[in-house]
Amino acid sequence: MMLSRTKFLQRSSQSIRCIAQLSQVRVPKQITNEPIKAFGVADTKDWDLLRASLMKFKSSSLDVPLVINGERVYYNDKKSRPYFEQTNPANHKHVLANVTQANEEDILRAIQASKDAKAKWASMPFYDRAAIFLKAADLLSTKYRYDMLAATMLGQGKNVYQAEIDCITELADFFRFNVKYASELYSQQPVESSAGVWNKAEYRPLEGFVYAVTPFNFTAIAGNLVGAPALMGNTVVWKPSQTASLSNYLLLTVLEEAGLPKGVVNFIPGNAIEVTQHVLNDKDFAALHFTGSTNVFKQLYGKIQEGVVNNVYRDYPRIVGETGGKNFHLIHPSASIPHAVLSTIRGAFEYQGQKCSAASRVYLPNSKSEEFFKDIAGSLQQHKIQPVNTSAGSISGGDLHGFMGPVIHEQSYNKLVGAIEEAKKDPELEIVYGGQYDKSSAWFVGPTIIKTTNPNHKFLSTEFFGPILTVYEYPDNEFSQVCDLINNTSMYALTGSIFAKDRDAILEASEKLRYSAGNFYINDKCTGAVVAQQWFGGARMSGTNDKAGSGNILNRFVSVRSVKENFYELTDFRYPSNYE
């Protein structure tokens, strides 16, 4: 019987999509790291464009909706669908956005939308999926550059440089290099085929949907937690951080403009416990892509394992997480102290220490102690490290050039103030620099350096996620023992640095600290991993070490099928050894 023209076209279209999925596409050769704009004094055009975007977001509060299957859903009243006020941490009376909070019905609809969109998205040719993310990278680095900067600066308390390396360069790098890595992954095929046999590997998206839980501190991380699984043909339920909702929503609109189909990414800010409960109770939950606190990740890990034991899921869900760190700078007696000091200021205090990779403990030889403390205090005082103010009346002022800004919210502020006040009372601790804080208009905590006489003090193992640096002085002849101490002090293993000119010391530290840091730096600060240059991630209680910024992480969001096609027909079921 003849097929109708409509059905014929539908089947033909499906066949073309399936065939194209298997074909190889060459990605653009020019994929490289996005250049960082310096925003120097002479860059007047960049500053003017940035100020215009800052004023745009300051003029009125933005209503941020849920996005479910491409549909905007806004808050209505405090009972059925409330909203969260995202404020400017540099001026906490300034409401930037009223963020709609998902209710139970919204969460379930978002999950269903991810399922409904899956088949079409998974069968879309890789070329077309990749084109969306390549275009989004171009939109971020051109048309929306200054709006993204403004949203990240105002909403997440970043100065312009920290925002530039985050929501522009790193985010564009993630989108572009993931396309390159995906192409390379698809090209990995069986190297042998017997006579009359053709073997191939298919990199299928996971069977189900991915749950992305993203943090406040990096817009780029949010983009990668959503973008990496989506590029590989997965659909995503996205739970953004409340305090990054503005920039995250703007990012979603950029992806939509780049061609992202409805339902592929469903944006549902809301109560984390409620959203997570519904997601983890769904049989089609296929993977968790998470960046956040260690304790929350442990809880999610346990709930997922409980679901596995109770036969909730179709598959064993993939768990990909990057969590906390208690990152170290180890300074050897042979180190250049001026360089170690400046590297430590950057590593500990840029973006107020609110990086999972931030330096929060230093091991300092006695012979260099006086020089180190004198230099670090002098540098901090000379350059007047103070909050960046992006609030009313200061947009055109020189304060946009500041090094530090506010911490993200009142909870963080209270936690850090509590640590500083505790240090003032502890006989094993001494505040040698800083200790100031002020919440009158911004959540400001100044750079604080605390010296301890106890090598096992909890300040050397507790993550504060703020501008608090703890220093322990060690005898010069106990360098080897200090390496062992670092390895066993903290439950984390994210980043760490050795500063030394002595090559034997560098070699010893590198060997003894092999499992103490997933990202290890030699004569450099322990922050600032660049996509495609330093693959990022740590083990132990710092995460699953799947290395964002590399092709390794894409493997976690595909399920490989091996296909063998035989061209010969059998003439007998027996093997030669079966004949007498």
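A short reminder: the numbers here are calculations on the coordinates, not readings from a lab. Only a predicted model underlies this, so the values are computations on that prediction, with no experimental measurement involved. Note: ideal-geometry Cβ built from the backbone for every residue, glycine included; neighbour counts use all protein chains shown.
Going through the cross-link list 29/158; 58/143; 368/439; 93/374, which pairs have a Cα-Cα distance over 28 Å in this structure?
Working: 29/158 33 Å; 58/143 19 Å; 368/439 36 Å; 93/374 38 Å.
The answer is 29/158; 368/439; 93/374.
So how much slack lies between residue 301 and residue 530, counting 0.36 nm per residue of separation and subtracting their Cα-Cα distance, in nm? Please list the in-between numbers first.
On the way: separation 229, 0.36 × 229 = 82.44 nm, distance 2.79 nm.
Contour length minus the Cα-Cα distance gives 79.6 nm.
Can you list the aspartates and glutamates whose alpha carbon sits under 16 Å from that of residue 120, skipping same-chain ones fewer than 8 residues off?
128, 207
Quick check: from the Cα gyration tensor, does the stretch 39-169 come out rounded (a/c under 1.5), prolate or oblate? Provide the component values of the computation, followed by the final result.
Working: a/c = 3.10, a/b = 1.24, b/c = 2.50.
Since a/c reaches 1.5 but b/c is at least a/b, the shape of the stretch 39-169 is classed as oblate.
Once phi is turned into ³J(HN,Hα) by the Karplus curve 6.51 cos²θ - 1.76 cosθ + 1.60 with θ = phi - 60°, what whole-Hz value does each residue of the stretch 369-383 show in order, with x for glycine and proline?
Here the 3J(HN,Hα) series is 4, 4, 5, 4, 5, 5, 5, 5, 5, x, 5, 5, 6, 4, 9 Hz.
P(r) of the stretch 54-113 in 10 Å steps, Cα pairs, percent per bin?
Reading the bins upward from 0: 23, 43, 26, 8.
Dipole magnitude of the stretch 327-536 about its Cα centre, charges +1 at Lys/Arg Cβ and -1 at Asp/Glu Cβ only, in debye to the nearest 20?
On the way: 17 positive and 22 negative charges, 84 e Å.
Dipole about the Cα centre, nearest 20: 400 debye.
Below 12 Å, Cα to Cα, which aspartates and glutamates can residue 262 reach? Residues fewer than 8 away in the same chain don't count.
71, 116
Could you work out the relative contact order of the chain, using alpha carbon pairs under 8 angstrom and six or more residues apart, expressed as a whole percent?
Relative contact order of the chain: 17 percent.
Report, by chain and number, residues whose modeled amide H sits under 5 Å from the one on residue 404, excluding near sequence neighbours (fewer than 5 apart, same chain).
Counting only residues 5 or more places away or on other chains, the set is 386, 388.
Scan around residue 84 for amide H atoms under 5 Å from its own, H built in the peptide plane at 1.01 Å from N, and keep only partners 5 or more places away or cross-chain.
Counting only residues 5 or more places away or on other chains, the set is 99, 100, 101.
State the volume of the convex hull built on the alpha-carbon positions of the stretch 327-536, expressed per residue in Å³ and rounded to an integer. Working shown, then result.
On the way: hull volume 25.7 nm³, N = 210.
Hull volume over Cα atoms, normalised by residue count, gives 123 Å³.
What translational diffusion coefficient, in µm²/s and rounded to a whole number, does the Stokes-Einstein relation yield for the chain at 20 °C and a viscosity of 1.002 mPa s, taking the hydrodynamic radius as the Kirkwood radius over Cα pairs? Show your work: numbers first, answer last.
On the way: Rh = 25.6 Å.
The estimated diffusion coefficient comes to 84 µm²/s.
Measuring from a point 7 Å past the Cα of residue 193 along Cα-to-C-beta, which residues in the stretch 538-561 have an amide N at less than 17 Å?
Counting only backbone N, you get 561.
Read phi for every residue in the stretch 453-461 and hand back ³J(HN,Hα) as whole Hz from Karplus 6.51 cos²θ - 1.76 cosθ + 1.60, θ = phi - 60°, with x for Gly and Pro.
8, 9, x, 10, 5, 5, 5, 8, 10
Starting from the amide H of residue 539, placed 1.01 Å from N in the peptide plane, find each other amide H under 5 Å away whose residue is 5 or more places distant or on another chain.
For residue 539, whose amide H was placed from the backbone, the distant partners under 5 Å are 493, 518.
Could you order peptides 124-137, 497-510 by the average number of other Cβ atoms within 10 Å of their residues, highest first? Before the final figure, lay out the partial values.
Numbers: 124-137: 20.1, 497-510: 18.2.
Descending mean neighbour count gives 124-137, 497-510.
Would you mind estimating how fast the stretch 397-455 diffuses translationally, via Stokes-Einstein at 10 °C and 1.306 mPa s with the Kirkwood radius over Cα pairs, in µm²/s? Could the numbers behind the result be given before it?
On the way: Rh = 12.6 Å.
Once the numbers are plugged in, D ends up at 126 µm²/s.
Per residue of the stretch 199-207, what does 6.51 cos²θ - 1.76 cosθ + 1.60 with θ = phi - 60° give for ³J(HN,Hα)? Whole Hz please, x for Gly and Pro, Karplus curve as stated.
10, 8, 10, 10, 9, 6, x, 5, 8
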